[in-house]
Each structure stands twice: as structure tokens, then as C-alpha cells.
Amino acid sequence: MADYKGTYYITTPIYYPSAKLHIGHTYCTVMTDAMARFKRLQGYDVMFLTGTDEHGQKIQSKAIAAGVSPQEYVDEIVVGIKKLWATMEISYDDFIRTTEPRHMERAQKIWQRMYDKGDIYKGAYEGLYCKECESFWTESQLVNGCCPDCGRPVERASEEAYFFKLSKYADKILKLYDEHPEFLEPETRRNEMRSFIEQGLDDLCVSRCTFDWGVPVPNDPKHVMYVWIDALSNYVTALGGPDSCEKYDKYWPADVHLVGKEIVRFHSIIWPAMLMSADIPLPKQVRGHGWLLLGGEKVSKSKAAKGQDVIDPVVLIDRYGIDALKYFLLREYTFGQDGSFTNEVMLKRMNFDLANDLGNLLSRTVSMIVKYNGGKVPEATTEDDIDRDLIAIATGAAAKVEDKMNDFQFNYALDEIWAIIRRANKYIDEKMPWALAKDESKKAELDTVLRNLVEALRIVSILIIPFMHTTSDRMRDQLGISDVEALWADTFDFYKMSGAVVHKGDILFPRLDIEKELEALWAIPKA
Ligand code: MSP
């Protein structure tokens, strides 16, 4: 067991159950899962929350079109979402649905607190509304007359509504960014939000009465809460807040809300304003990630049919496995930036990094120990500069990985781990154990080489746990250390494997014939 480091509360956005989730949604959840697993490994008591955002006009319209009730409609999609996360072994601790009574009651309490503060008042709303994004926009925010987020046409809407005095909190939020710049990362997003606020914040329309699929407004049930007020509350309601209770007191405020860049605005302006109004402490951080793009545009279900690339995570997992897909998503993209998704880039990553670099290193090492030492991990009794270099890289990696992870730089964290793998592969080429094995007088040197390789792999097997825990287990099995607890602290020391016996297992990642795979993927119907 690692030393207890405190609590760590991390969240994904709650997904709209309006269509099957695609690789873009998976990206966000995979990052959150990796961070949750990393923090657990470090000794934190982690609370990882995900869920679904089930109210709103769009869902109601879709349900009507499908001839079912909104609840039936979302229930079916949520089953699929939960199944996807189970397939991907996502380690969430709770899954909140905004249609659950535990959420609805508590969201009403948050509303009531804002109302009691005098921050919610009744008025009439006139504006341009995007049904798809459930957002009102001003004329100047439109892009070519359409919604700036999704590009769909907006419609003029007018209704009696409640308003939240968002404008009252503009200065307080700017002050928050000044005093706690870490509240919103990366910096580019903070600058965007700052100028958004500086252009002037209007009060926010926070209720609707033209449809009823939502959380009823306390004491005025012909209104339902604006879906974003309802949805954002989930981060508090899932813990049992806003009233004091064990879980809420333990984990709130959240350490980080991980969100896509188009919803940073809601999380870094509306959410802190709601919390300030309701006298609830603010989350420590909001982190905005970029989008996966397909043909230059955000991956989305509607565009999928047009492209040839497969974006359905289930299809990709079926063919390549969970760990290969997770590795690709975490290694390929730079947090905060957009990145292109293509099947070809994915397959190359899987082949080069996983099959060639990692898979080969393990199978070569295990085979050599079996062949030259009957499977028993030997003792190291010699040391030269090349050995020292390998040892320094392997034992120095954890601190670097930790640094990168704390900055959500998953790709650079993985790169630090791959530095060990690359060094170890080069080490084999330099040391040429097959040549040492031919010379009886070089036995001690050969032993050292074999020992150093397994120790480097042992360290890799711990460092990859947050990203690929199944691969870690498979490696540790072949290395003969599956019953030894994988502890982060053991990555700083080198010689830990005395007495272990390795044994050959299945290859970790099969080599893919990229051309063939691309053809097979393109042949799969996408619509
Ligand atoms: N329901 C709201 C969130 C409410 S949180 C209080 C919502 N749902 S969503 O299903 O549309 O999107 C959920 C998350 O998926 C967002 O963070 C969004 O950025 C992310 N992604 C959806 N498509 C994506 C890509 N193509 N690439 C990366 N992330 C993407 O917004």
C-alpha cells in the first residue's frame, strides 16, 4: 500500500445521452481514468465521477420522434454508455444521471440557495436559441448567422423565465482568475474567458417553460431549470451536497473538472458564479482539452458516416484491445490542443510503440533469460557506463512522469516511460547478450545484462499502470512478479527482483498489417 496522500476528486463532463458515444467522448473519459488511476497509485483516496446529462428540449424532441417517453429514451442510451465504460474498464467510482431523484432534489437545493441570496429573479427572455447546444446566443456571437459551437441555425425564442444575476459575478470571476490562475488551465482558455467576461456578462436565463423535461423550479413547477444549471450541479449533488454529509465533506471541492474546450465557458464562468451565489466552495481547477478532428472538423456522429475512418470505440477495441486504443489516445494528442484522428495514425502508433518497442523488449528479454539462465532472473555483479545509463534513465523516469501527469501532459508522461523502453532496446544492441553467451568468461556480464533488462521492464510495468493496467498485469506475469504488489515507490530503486522466475507468455501486441487493417476498417459500414 502506498502512503495516504489525501483525497482527489476528478470529474468528466456528463455526456448527453442523445446518440452513441464516439472516439471524441472516449478521449475525455480515458484521460480522466488515467489520471484517477495515477492518483490512486500515488496513494490518493480518489473519487472519479462521470455520468449523463439527460434533460432538455433536445432529448425531449428526440424521444417524441422515436415514439417513446424521454425517460425510456435516455434509459436505453445510458445502458449503452455504461456498457462502453465497462468494456473499457473505466474505473469510475460513481455514475450520476441527472434524472435520478438524488440529483434532482439536490439541484433544487442549490437553486434555492441562489434564490434566497436574491440572485434569481423573474423576467422575460427574448433571444436566439440553439436547440442542439441548449444555448442562447446574442446576435454578435453568431457565426454566419448560426450557432458558434455547432454551426446549426438558431431560432428566435421568447418566454417568461427566471434569470440568474451572472453580471453581478463578473468582477469576482476575473479576480478569481487573477488570484488563482491555476483555476483555469491551459492559459489560452483563461485568456479567452477573460476577454469573454470583459466584453460584458448578461444575466443568464435559467429556466424554461416551453417544455417540461427537466428539474422543476422550486415553488414554480411550470418552469424547469435551464439544462446547464441542472447539469453543472451534478458535481456537487453526486457527493450528496450541497448540505453537509460525509462524502460531500470529504471530497468537495473538486480537484479538477476535465472538460472539452467548447464547454469551458460554462465551467469557468457560470459554474463558479453559481457556487459563489450558493456559498459553496469553488472547485480547484477546470482543465479544457482540445478536440479530436476528423477531416479538420470535430469528430461527431453526424460526420462519421461521411468519413471512412472508424470512430466507434467498440469496433476499435474489438480489433485491437482496450490498452492499444487507450495508449493511442493518450500518447498521440497534446492536452489542450486539437488533433487529427485517422485510423492510419492510430495503427502506426500501435505497431511502432506497442508491438515493436514494448512488445519486442519484453519477449526478447524473457526469451533470453529462459534460454541463457533457465528462466531464473540472475544477479547483477558488474557495472559499466552503459549499465549506469540504463539504470539512471529507468530510476529517474517516475519523477518526470509525475511532473508531466500533474500538468495533464499524458503524451509526455508516456514519452518518459518510452525513454526507458528505447534505452533498453538500444542496451540490448550495445551489449549483444547473444555474443556474451558464447563466451564462458563473460557469464557475469551476461547476467548483469539480463538482470538489468528485467528490472527496467519491472519499472515500466509499474509506470504504465495508469495508462494500460492490463498490459502491466500481463508483463508482470511474464516477469514472474504477478504476486508482488506494484508500488510507485518501487520505481525509484533498481534491484528488486531477486529470485524471480520469468516465463514466456503470449505476445503483448500483435504486429498489424497496416494496409490490410485500413482496408478492413474502411469496409465496415459507418452509418
Ligand atoms: N452535457 C454536456 C456537458 C455537461 S457537464 C456539466 C455536454 N455533453 S456532450 O456529450 O456533448 O460532450 C461531452 C464532452 O465530450 C465534452 O467535454 C466534449 O468536449 C467532449 N467531446 C465531444 N466530441 C469531442 C471530440 N470530437 N473531441 C474531444 N472531445 C469531444 O457537452
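The values are calculated or read from the model by the stated rules, or taken from the named source; none is laboratory data. Worth saying up front: this structure is predicted, and the values here are computed from it rather than measured. A quick note on method: Cβ atoms are made from the backbone with ideal geometry, for glycine too, and the neighbour counts reach across all protein chains shown. For accessibility, only protein heavy atoms count, side chains too; no ligands or nucleic acids. Shrake-Rupley method; radii C 1.70, N 1.55, O 1.52, S 1.80 Å.
Can you tell me which residue is farthest from S167 (Cα to Cα) among those in the range 194-215 that are part of a strand (DSSP E or B) and of a type outside the set (A, V, I, L, M, F, W, C)?
Taking the candidates together, the pick is R208.
E76: over 30 Å from A489 (Cα atoms) and away from the ligand (no atom under 15 Å from the Cβ), yes or no?
Taking the combined requirement at face value, the residue satisfies it.
With over 15 Å from G80 (Cβ atoms), free of Cβ contacts under 8 Å to residues at least 60 places away in the same chain, more than 9 Å from the ligand (Cβ to nearest atom) and part of a helix (DSSP H, G or I) as the only criterion, which of K39, K58 stands out?
Just one listed residue meets the conditions, K39.
For the range 514-525, state whether one or more residues are surrounded by 13 or more Cβ atoms within 10 Å (Cβ to Cβ) and in a loop (DSSP other than H, G, I, E, B).
No.
Identify all residues within the range 1-27 that are under 17 Å from K284 (Cβ atoms), more than 9 Å from the ligand (Cβ to nearest atom) and assigned to a loop (DSSP other than H, G, I, E, B); write none if there are none.
If the condition is that a residue be under 17 Å from K284 (Cβ atoms), more than 9 Å from the ligand (Cβ to nearest atom) and assigned to a loop (DSSP other than H, G, I, E, B), then K5 is the only one that fits.
Only residues that are open to solvent by 10 Å² or more (accessible area, probe 1.4 Å), assigned to a helix (DSSP H, G or I) and either of a type in the set (G, A, S) or within 15 Å of the ligand (Cβ to nearest atom) (or both): list them for the range 224-256, please.
Selection gives W228 alone.
Which of the residues spanning the range 132-166 are hydroxyl-bearing (S, T, Y) and either touching a residue at least 60 places away in the same chain (Cβ under 8 Å) or open to solvent by less than 70 Å² (accessible area, probe 1.4 Å) (or both)?
S135, T138, Y162
Yes/no matrix, rows are residues, columns are (1) open to solvent by less than 10 Å² (accessible area, probe 1.4 Å); (2) touching a residue at least 24 places away in the same chain (Cβ under 8 Å); (3) of a type in the set (D, E); (4) within 16 Å of the ligand (Cβ to nearest atom):
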| site | (1), (2), (3), (4) |
| --- | --- |
| G321 | no, yes, no, no |
| D338 | no, yes, yes, yes |
| N343 | yes, yes, no, yes |
| R349 | no, no, no, no |
| L358 | yes, yes, no, no |
| L361 | yes, yes, no, no |
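Condition first: farther than 20 Å from W271 by Cβ, within 32 Å of the chain's Cα centre (by Cα) and at pLDDT 95 or above. Now tell me which residues in the range 101-143 satisfy that.
Residue satisfying the conditions is P101 alone.
Quick one: which of I428, I421 is in the same structural domain as N356 (by TED's automatic domain parsing), open to solvent by less than 30 Å² (accessible area, probe 1.4 Å) and under 25 Å from L330 (Cα atoms)?
I421
Given the conditions (1) open to solvent by 50 Å² or more (accessible area, probe 1.4 Å); (2) in contact (Cβ under 8 Å) with a residue 40 or more places away in the chain, which single one is not true for L201?
(1)
Please verify whether the range 268-286 includes one or more residues that are within 16 Å of P186 (Cβ to Cβ), within 11 Å of the ligand (Cβ to nearest atom) and not aliphatic (A, V, I, L, M).
no
How many residues, within the range 115-131, are surrounded by fewer than 17 Cβ atoms within 10 Å (Cβ to Cβ) and either not basic (K, R) or not assigned by TED's automatic domain parsing to the domain that holds L204 (or both)?
6
Which members of the range 369-408 meet the condition of being under 29 Å from P510 (Cα atoms), in a helix (DSSP H, G or I), open to solvent by 10 Å² or more (accessible area, probe 1.4 Å) and of a type outside the set (D, E, K, R)?
V370, Y372, N373, I391, I393, T395
What about L275, is it touching a helix residue (DSSP H, G or I) at 6+ places or on another chain (Cβ under 9 Å) and either outside any helix (DSSP H, G or I) or small (G, A, S) (or both)?
For L275, the condition - touching a helix residue (DSSP H, G or I) at 6+ places or on another chain (Cβ under 9 Å) and either outside any helix (DSSP H, G or I) or small (G, A, S) (or both) - is not met.
Please find, among V299, V259, V315, V366, the residue that is open to solvent by 20 Å² or more (accessible area, probe 1.4 Å) and of a type in the set (A, V, I, L, M, F, W, C).
Answer to the check: V315.
Out of the range 323-336, which residues are touching an Asp or Glu at 6+ places or on another chain (Cβ under 8 Å) and open to solvent by 30 Å² or more (accessible area, probe 1.4 Å)?
Scanning the range 323-336 gives a single hit, R331.
Taking only pairs six or more apart or across chains, which ones have beta-carbon atoms under 6 Å, a first residue in the range 215-232 that is basic (K, R), and a second residue that is modelled with pLDDT under 95 and open to solvent by 10 Å² or more (accessible area, probe 1.4 Å)?
K222/C209
Yes or no: I90 open to solvent by less than 60 Å² (accessible area, probe 1.4 Å), within 13 Å of the ligand (Cβ to nearest atom) and aliphatic (A, V, I, L, M)?
Spelling it out, it is not the case that I90 is open to solvent by less than 60 Å² (accessible area, probe 1.4 Å), within 13 Å of the ligand (Cβ to nearest atom) and aliphatic (A, V, I, L, M).
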